[in-house]
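The values are calculated or read from the model by the stated rules, or taken from the named source; none is laboratory data. Note that the structure is a prediction, hence the values are computed from the model and not measured. Cβ placement follows ideal geometry from the backbone for every residue including glycine, while neighbour counts extend to all protein chains displayed.
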Amino acid sequence: MKSNKGWAAGLGAVVVSAGLMSGSFNPAVADDSAAASTRASTDAAPRSIVAQQFTLRLAADPRQVANVRGAGTDNGVPVIQYPWSGTANERWEADSALGGYYRFKSVNSDKCLNVAGSGTANGTQVIQYTCGNADNELWRFVPKGIGYQIVVKSSNKCLNVAGGLGVGNSLIQYDCTAQGAPNDVWLPVWEPNTI
């Protein structure tokens, strides 16, 4: 298991207990059924963020997660939707940035979830890339139904599965839907640190 020393430093008051994070951010405990719980609050953003590993699962089908294709470790590897298997390339760690934004770092590669080329157009591919401080790797949570839309700072667009739900479909940025759509509402789910 890779150490997250330094990465999680400065997260502030983080409370993690039995797989759940306290505060307004109340995701489900991970298991094979991936049953989702509802949020306890309607705050616009989480007040705290996990200090351990999590997956980003689709609220419409929690068996599907954000996965770095082929467990690649290079810059530019696409992030796709794929069935949960417990591997490192579908696990993320987060750190907080200013103004309620977070960076998501792949446990497998130590690279961040990133909108390719700082693009602002609908359909721009989401990839992993060396972590920095650019707006195209800063994300915030917006409550929608039982989950959250994940909005990138650089374009104010949502993390979205291209073409709707489907194994292997690319993650892209796309205009956020007012009510949340099956392919743009996510559940951050804490996972045991067993990798």
Item to check | Top-ranked residue in the stretch 31-65 [being of a type in the set (Lys, Arg) and either at pLDDT 95 or above or in contact with an Asp or Glu (Cβ under 9 Å, 6 or more places away or on another chain) (or both); ranked as surrounded by the most Cβ atoms within 10 Å (Cβ to Cβ)] | outcome: Arg57
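Between Val68, Val151, which is at pLDDT 95 or above and over 24 Å from Gly180 (Cβ atoms)?
Details: Val151 fails: over 24 Å from Gly180 (Cβ atoms).
Of Val68, Val151, the one residue that is at pLDDT 95 or above and over 24 Å from Gly180 (Cβ atoms) is Val68.
Taking the stated definitions as given, is Trp92 at pLDDT below 95, surrounded by 16 or more Cβ atoms within 10 Å (Cβ to Cβ) and not small (Gly, Ala, Ser)? Break it down stepwise before answering.
Values: at pLDDT below 95: no; surrounded by 16 or more Cβ atoms within 10 Å (Cβ to Cβ): yes; not small (Gly, Ala, Ser): yes.
When the stated conditions are applied, Trp92 does not pass them.
Determine, yes or no, whether Asn160 is over 17 Å from Ala94 (Cβ atoms), surrounded by fewer than 24 Cβ atoms within 10 Å (Cβ to Cβ), modelled with pLDDT of 95 or more and not small (Gly, Ala, Ser).
no
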Item to check | Hits in the stretch 69-99 - residues which are in a loop (DSSP other than H, G, I, E, B), at negative phi and either touching a Pro at 6+ places or on another chain (Cβ under 6 Å) or not hydroxyl-bearing (Ser, Thr, Tyr) (or both) | outcome: Gly72, Asp74, Asn75, Val77, Trp84, Arg91, Ala97
Checklist outcome for this item: Filtering the stretch 129-161 down to residues that are within 22 Å of Tyr82 (Cα to Cα) and within 12 Å of the chain's Cα centre (by Cα) yields Glu137, Trp139, Phe141, Gly147, Tyr148, Gln149, Ile150, Val151, Val152, Cys158, Leu159, Asn160
